[in-house]
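Undergrad: Quick one: this structure, given as structure tokens, is what I'll be asking you about.
The values are calculated or read from the model by the stated rules, or taken from the named source; none is laboratory data. These numbers were taken from a predicted model, which means no experiment stands behind them. Methodologically, a virtual Cβ is constructed for each residue, glycine included, from the backbone with ideal geometry; neighbour enumeration extends over all protein chains shown.
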Amino acid sequence: MNMKKIFTLCLIITICQLSFAQRYVEEIFDDVSVTSNVVYGVNPTVLTLADTSILEAVNQPLVMDIYQPTGDTETDRPLMLIFHTGNFLPPVLNGQISGQKVDSSAVEICTQLARRGFVAASVEYRDGWNPLAQTQPLRALGLIQAAYRGVQDGRTAVRYMRRSVAENDNPYGIDPNKISTFGTGTGGYLVLGMASLDEYAEILNTTNGPGKFLFDSNGDGMATTPMVLEAFHGDIEGVTTVVAPNGSFGYPEGDTTTIADHVDYSSEVQLTINVGGAVGDVSWIDENTSPIISVQSPFDMFAPYDDATLIVPTTGDAIVRVQGGLSIARAQSALGNNDSFANGIFTDEITQEAMDNAATAGHEYIEGLYPFISPPNSLGLDEGVVIDWWDPNGQSPVNGPGMGFPWNLIVLPGDTLSLHENGLILNEGMSAAKSRGNIERIMGYVIPRTCLALELEECNFLFSSTEEVLADDLFLSISPNPVDNVMNLDAEDQIIRAVQIFSLDGKMVAQYNNINQTQFTVNRTEIGTGVYVIKTGFDNGFSSRKVVFK
């Protein structure tokens, strides 16, 4: 065999190695270890205020279940915090089967992430508002305050994990600079609040629409009282301990309403992922907002896809005007917040589906927004993004309002259908296979963009795993070869989108995003002597060349 054939064979083998079993992209671990009920903080719950025998908020341990890949030797892994749905109420009370950190979707998402090499945590947060309050404004007031407490708890969870690195020898093996949040349904509202709400004044000075978080507290017809007050509900980070100064908002005078936790650590996250939900006000999105990946049905029955009033499934109440995936994506694009993946090279089927669905929804495709469309069910209803399943004969939580009764035997007052039967209305043919299939679609969109946003070196996703090696790449010249200090790439009239440099054992040693030029120069910095593969991405595929660095 001549040297040219040997070189070609080696290059083909190297390309195969680089595209095989990428950490974070594919499930490379068979087993997952779960540490359950890790206490990340304590905060008072208002659920007990409805009980006349208890005249104060009772402290609730805040817990999470942490999922890690079994047998993994890495110690600086990206962390993703998962926040479940549930309308800020426990299962049954919220009219649903879901609403816990052990929801089927939360467990599945955490398990899939851990098998890919992430650390994932399914996080409980405080529930609590009164869906049976006498008036719609009072119900809205309670729900807004519940969302505020959820944001505080979410930020407390982030700080706890950073503290575990600094003070407890990093027991979960995370990189504190690569923390993401992933919210589903109600959890989507929560994580978007964490990403966008920078200061308390933003709650009072909303634009879409103005003054929407104010209410009429004295019946004079003027909405002038903030629905959330720091003196009663604590700061937006949850880093102050607050005692209610009087009996307003249902708190007894002198009652502790928030407790400071992990105050010396940052609540910042590097990426936000929402499946459903909406942002409290699009004006909260600014240059400080993390990259956001939104997955939402354009025909969502409850959370607005663009700019409208949210509907609470529990009560059917119209609550407040909010902005969903489309408004969020446009704001992020205008500010450049999603540039980390906006110019990535994606030719996979899911990205094409997202583009096609954007056209179906009647708007331009915006990178970072996956319009999730499924056919209407037999009732003609859009089911949204279905990711949960359950055993109809399974027990409700024994310590909850369902008292351990099976889902198919629990019928709420005023209803004729069981919770199981009601659940089937927007989850026809409910099954693990159906929901897992939808979660796979979501992961197919989310994971490549996560790789870019977090700059995960092990994760070769400037290029799609389904992209073709260009059969004819003679237009690309790389010189000099061998390389001394500078390497020049010239693609004639082809646009170079990205460049990655790999050692022969498959480790990425350098990457350059968003090039968008026909020529590019690599200045050798910390690239050692040896043979490397230069992977150059174009709109229609990529080129792989071997280059020697002297």
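Undergrad: Given (1) buried (at least 20 other Cβ atoms within 10 Å of the Cβ); (2) part of a helix (DSSP H, G or I); (3) out of contact with any Pro (no Cβ under 7 Å at 6 or more places or on another chain), where does Asp388 come up short, assuming only one miss?
TA: (2)
Undergrad: Looking at region 307-330, which of its residues are within 20 Å of Glu202 (Cβ to Cβ), in contact with a helix residue (DSSP H, G or I) (Cβ under 8 Å, 6 or more places away or on another chain) and not β-branched (Val, Ile, Thr)?
TA: Asp307, Gln323, Ser327 - these are the residues of region 307-330 that are within 20 Å of Glu202 (Cβ to Cβ), in contact with a helix residue (DSSP H, G or I) (Cβ under 8 Å, 6 or more places away or on another chain) and not β-branched (Val, Ile, Thr).
Yes or no, residue by residue, for (1) touching a helix residue (DSSP H, G or I) at 6+ places or on another chain (Cβ under 6 Å); (2) of a type in the set (Phe, Trp, Tyr):
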residue	(1), (2)
Tyr172	no, yes
Gly185	no, no
Gly188	no, no
Leu197	yes, no
Glu202	yes, no
Asn205	no, no
Asn208	yes, no
Gly211	no, no
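Undergrad: So which helices (runs of 4 or more DSSP H) stay within region 161-250 end to end and still have 2 or more residues that are under 23 Å from the mean Cα position of the chain (by Cα), closer than 30 Å to Leu454 by Cβ and in contact (Cβ under 8 Å) with a residue 12 or more places away in the chain?
TA: 186-196, 201-204
Undergrad: Here's something else I'd like to know. In the list Gly71, Gly99, which residue meets the criterion of being small (Gly, Ala, Ser) and over 23 Å from Arg436 (Cα atoms)?
TA: Of Gly71, Gly99, the one residue that is small (Gly, Ala, Ser) and over 23 Å from Arg436 (Cα atoms) is Gly71.
Undergrad: What are the residues in region 493-517 that are of a type in the set (S, T, N, Q), surrounded by 15 or more Cβ atoms within 10 Å (Cβ to Cβ) and modelled with pLDDT of 85 or more, if any?
TA: Gln494
Undergrad: Take region 129-143 and flag every residue that is among the hydrophobic types (A, V, I, L, M, F, W, C) and surrounded by fewer than 20 Cβ atoms within 10 Å (Cβ to Cβ).
TA: Result: Leu132, Ala133, Leu138.
Undergrad: Taking the residues in region 342-354 that are under 24 Å from Gly185 (Cα atoms) and within 18 Å of the chain's Cα centre (by Cα) as candidates, determine which candidate is surrounded by the most Cβ atoms within 10 Å (Cβ to Cβ).
TA: Filtering first and then ranking leaves Ala354.
Undergrad: Here's a follow-up. With the structure loaded, tell me whether Phe502 is of a type in the set (Phe, Trp, Tyr) and either over 22 Å from Ala453 (Cα atoms) or in a loop (DSSP other than H, G, I, E, B) (or both) or whether it fails that test.
TA: Criteria not met by Phe502.
Undergrad: Of all the residues that make up region 260-286, how many are more than 19 Å from Ala331 (Cβ to Cβ) and buried (at least 20 other Cβ atoms within 10 Å of the Cβ)?
TA: So the answer is 4.
Undergrad: Of everything in region 355-381, what is in contact (Cβ under 8 Å) with a residue 24 or more places away in the chain, of a type in the set (Gly, Ala, Ser) and buried (at least 18 other Cβ atoms within 10 Å of the Cβ)? Give them in sequence order.
TA: Hits for region 355-381 are Ala361, Gly368.
Undergrad: Name the residue, out of Leu489, Leu424, Leu456, that is in contact with a Phe, Trp or Tyr (Cβ under 8 Å, 6 or more places away or on another chain) and either in a strand (DSSP E or B) or surrounded by fewer than 18 Cβ atoms within 10 Å (Cβ to Cβ) (or both).
TA: That would be Leu489, the only listed residue that is in contact with a Phe, Trp or Tyr (Cβ under 8 Å, 6 or more places away or on another chain) and either in a strand (DSSP E or B) or surrounded by fewer than 18 Cβ atoms within 10 Å (Cβ to Cβ) (or both).
Undergrad: Checking Leu326 against (1) surrounded by fewer than 18 Cβ atoms within 10 Å (Cβ to Cβ); (2) closer than 30 Å to Ala342 by Cα, which test does it fail?
TA: Tallying (1) surrounded by fewer than 18 Cβ atoms within 10 Å (Cβ to Cβ); (2) closer than 30 Å to Ala342 by Cα, Leu326 fails exactly one: (1).
Undergrad: Further question: I'd like the full set of residues that are assigned to a strand (DSSP E or B) and touching a residue at least 40 places away in the same chain (Cβ under 8 Å), limited to region 510-535.
TA: Across region 510-535, the qualifying residues are Gln511, Val533, Ile534, Lys535.
Undergrad: Confirm whether Ile293 is among the β-branched types (Val, Ile, Thr), under 30 Å from Val446 (Cβ atoms) and touching a residue at least 12 places away in the same chain (Cβ under 8 Å).
TA: So Ile293 fits the description; yes.
Undergrad: Then there is this: Across region 205-219, what is the number of residues that are surrounded by 16 or more Cβ atoms within 10 Å (Cβ to Cβ) and not polar (S, T, N, Q)?
TA: Qualifying residue count for the region: 4.
Undergrad: Of the conditions (1) in contact with a helix residue (DSSP H, G or I) (Cβ under 9 Å, 6 or more places away or on another chain); (2) surrounded by 17 or more Cβ atoms within 10 Å (Cβ to Cβ), Met161 fails just one. Which one is it?
TA: With (1) in contact with a helix residue (DSSP H, G or I) (Cβ under 9 Å, 6 or more places away or on another chain); (2) surrounded by 17 or more Cβ atoms within 10 Å (Cβ to Cβ) applied to Met161, the lone miss is (1).
Undergrad: Can you give me the number of residues within region 53-104 that are in a loop (DSSP other than H, G, I, E, B), crowded, with 17+ Cβ neighbours inside 10 Å and not charged (D, E, K, R)?
TA: 18
Undergrad: Can you name every residue in region 105-135 that is modelled with pLDDT of 95 or more, in a loop (DSSP other than H, G, I, E, B) and either within 17 Å of Thr272 (Cβ to Cβ) or hydroxyl-bearing (Ser, Thr, Tyr) (or both)?
TA: Those that are modelled with pLDDT of 95 or more, in a loop (DSSP other than H, G, I, E, B) and either within 17 Å of Thr272 (Cβ to Cβ) or hydroxyl-bearing (Ser, Thr, Tyr) (or both): Phe118, Tyr125.
Undergrad: Then there's this: Where the second residue is assigned to a helix (DSSP H, G or I) and the first is hydrophobic (A, V, I, L, M, F, W, C) and lies in region 409-423, which pairs have Cβ atoms under 7 Å and are six or more apart or on separate chains?
TA: Ile410/Leu419; Leu419/Trp407
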